[in-house]
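The values are calculated or read from the model by the stated rules, or taken from the named source; none is laboratory data. Here the structure is a predicted model, which is why all the values come from computation and not from measurement. Backbone-built Cβ (ideal geometry, glycine too); neighbour counts: all protein chains shown. The protein model used for the area step is the full one, side chains on, heavy atoms only, and it has no ligands, DNA or RNA in it. Shrake-Rupley method; radii C 1.70, N 1.55, O 1.52, S 1.80 Å.
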Amino acid sequence: MDEPQAFAIGGRMVAPGSCAEIDFPITTMATGTTSSLAVRVLHGLRPGPAVFVSAAIHGDEIVGTAVIQRLAQELDPRALSGTVLLVPVANIFGFITHSRYLPDRRDLNRSFPGSAGGSLAGQLAHVFFREVVERCALGIDIHSAAIHRYNLPQIRIAAGNKRLVELAMAFGAPVIIESPLRDGSLRELAHRQGVDMLLLEAGEALRFDRLSIETGVAGVHRVLAHLGMVEEDDGLTTVGIPARANRSVWVRAPRGGVALIERESGAPVRRGDVLARVGGLFGEEALEVTSPIDGIIIGHATLPVVHQGDALFHIADIPHPERVGARIESITEAILASEPEGSAEALLDEDEVV
Ligand SMILES: [Zn+2]
């Protein structure tokens, strides 16, 4: 076996079997405070690939931050082959203002590759890409739905890449969506640089939910196991096979008013099934919202106050939806079957907490 080597990053040398936190300076804010990008490096005792896990590239999509906190506790560099880089908050500016965007209103995920002398978003994208993404063979980037929307945990990958399909299968989220890459996105640039990317979409902006967090934590463990970086079961034989889709449709509110939703993310639907009813302020003149296709609901609106044209449901085109729906239910149950951390606190009366 190769002699273990230190991992050089940000002017530091991380010894094999140890971890280090590196703060990359980004910019000086209007008030004179400096801001920096926090990266934790776990460098294994044995050689292996480098993998990054990042969250909150959209500053309000914080589910991945909880996933990364768990990984930081659970992954032991002494038991690791290769290197894991954890970035709990990529959009450090949007995170503190609970915003998807940066203070200059730019979208970090449309700002790659960025540059050292560029906009705030460009500077951040540049450092993140050069110091983290380019160093890795694989990245797992965690997003959630926008505010007031919920996404069934799903892996999105570039279309037509066999290796990514295999890794997405190992991740074991209920659904895999193969879709084209967007210009300027992290996934698109990573693809051009030969870095494989899995994108996890899970849960709702500014909220944590257990299914999303457990899916994320278990998925990263399984991918690392699949790559031989940790000695764990990669779950390919024990987790149900995820459903795959390469087409999805949005279903929109047919009128403004109040939406009463009858189906949620994860549910199988048939063309013509009623998904919701949208009526006026007194519930009058309610219009049915029906599914235009057979498939699985992969995202739904959580805010009942809607304008005409607001997106209510996102449905993946998946044949045999009932069968797939039952499988999604069993994957969901398996993920939630593990004992939650801090479950004792969950027993507290709400009044006691408030
Ligand atoms: Zn996002």
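Only one of these is touching a Ser or Thr at 6+ places or on another chain (Cβ under 6 Å) and either in contact (Cβ under 8 Å) with a residue 40 or more places away in the chain or assigned to a strand (DSSP E or B) (or both): I22, I26. Name it. Outline the logic, then answer.
Details: I22 fails: touching a Ser or Thr at 6+ places or on another chain (Cβ under 6 Å).
Exactly one of I22, I26 is touching a Ser or Thr at 6+ places or on another chain (Cβ under 6 Å) and either in contact (Cβ under 8 Å) with a residue 40 or more places away in the chain or assigned to a strand (DSSP E or B) (or both), namely I26.
Looking for whichever is under 18 Å from G10 (Cβ atoms) and at pLDDT 95 or above here; the options are A79, A90, A116. Which one fits? Full working, then the answer.
Numbers: A79 fails: under 18 Å from G10 (Cβ atoms); A116 fails: at pLDDT 95 or above.
Unique residue meeting the criteria: A90.
Just wondering, is there one or more residues in segment 14-21 that are exposed (fewer than 14 other Cβ atoms within 10 Å of the Cβ), at pLDDT 95 or above, more than 16 Å from the ligand (Cβ to nearest atom) and not basic (K, R)? Outline the logic, then answer.
Taking segment 14-21 as the starting set, the residues that turn out to be exposed (fewer than 14 other Cβ atoms within 10 Å of the Cβ) are 21.
Next, from what is left, pick out any that are at pLDDT 95 or above: 21.
Next cut, more than 16 Å from the ligand (Cβ to nearest atom) only: 21.
With the extra rule that they be not basic (K, R), the set shrinks to 21.
Looking for residues that are exposed (fewer than 14 other Cβ atoms within 10 Å of the Cβ), at pLDDT 95 or above, more than 16 Å from the ligand (Cβ to nearest atom) and not basic (K, R), one finds at least one in segment 14-21, hence yes.
Scan (1) farther than 23 Å from T28 by Cβ; (2) buried (at least 20 other Cβ atoms within 10 Å of the Cβ) for the single condition P88 breaks and write down its number.
Against the list (1) farther than 23 Å from T28 by Cβ; (2) buried (at least 20 other Cβ atoms within 10 Å of the Cβ), P88 comes up short only on (1).
Of the residues G64, G94, G17, which single one is more than 22 Å from R187 (Cβ to Cβ) and not acidic (D, E)?
Values: G64 fails: more than 22 Å from R187 (Cβ to Cβ); G94 fails: more than 22 Å from R187 (Cβ to Cβ).
Testing whether each residue is more than 22 Å from R187 (Cβ to Cβ) and not acidic (D, E) leaves just G17.
Among the listed residues R100, R40, R110, identify the single one that is open to solvent by 10 Å² or more (accessible area, probe 1.4 Å), within 19 Å of E131 (Cβ to Cβ), under 19 Å from the mean Cα position of the chain (by Cα) and not hydrophobic (A, V, I, L, M, F, W, C). Walk me through it before giving the result.
Values: R100 fails: within 19 Å of E131 (Cβ to Cβ); R110 fails: within 19 Å of E131 (Cβ to Cβ).
R40 is the lone residue from the list that is open to solvent by 10 Å² or more (accessible area, probe 1.4 Å), within 19 Å of E131 (Cβ to Cβ), under 19 Å from the mean Cα position of the chain (by Cα) and not hydrophobic (A, V, I, L, M, F, W, C).
Of all residues being touching a residue at least 60 places away in the same chain (Cβ under 8 Å) and at positive phi in segment 82-133, which is nearest to the ligand (Cβ to nearest atom)? Just the residue, please.
Once the filter is applied, the top-ranked residue is H98.
Are there any strands (runs of 3 or more DSSP E) wholly within segment 241-354 with 2 or more residues that are at pLDDT below 90 and surrounded by fewer than 17 Cβ atoms within 10 Å (Cβ to Cβ), and if so which? Can you show your working first?
Working: elements: 243-245, 248-252, 257-261, 274-279, 287-290, 295-301, 311-317.
No strands (runs of 3 or more DSSP E) qualify here.
With the requirement that a residue be in contact (Cβ under 8 Å) with a residue 40 or more places away in the chain, more than 16 Å from the ligand (Cβ to nearest atom) and among the β-branched types (V, I, T), what does segment 33-81 give you?
Result: V39, V41, V51.
Tell me which residues, restricted to segment 45-81, are within 21 Å of L199 (Cα to Cα) and in a strand (DSSP E or B).
Across segment 45-81, the qualifying residues are P49, A50, V51, F52, V53, S54, A55.
Which is within 16 Å of the ligand (Cβ to nearest atom), modelled with pLDDT of 95 or more and not assigned by TED's automatic domain parsing to the domain that holds A311, of L152, L138? Reasoning before the result, please.
Values: L138 fails: within 16 Å of the ligand (Cβ to nearest atom).
Going through L152, L138 in turn, the sole match is L152.
What number of residues within segment 113-151 are surrounded by 21 or more Cβ atoms within 10 Å (Cβ to Cβ) and part of a loop (DSSP other than H, G, I, E, B)?
Residues meeting the conditions: 5.
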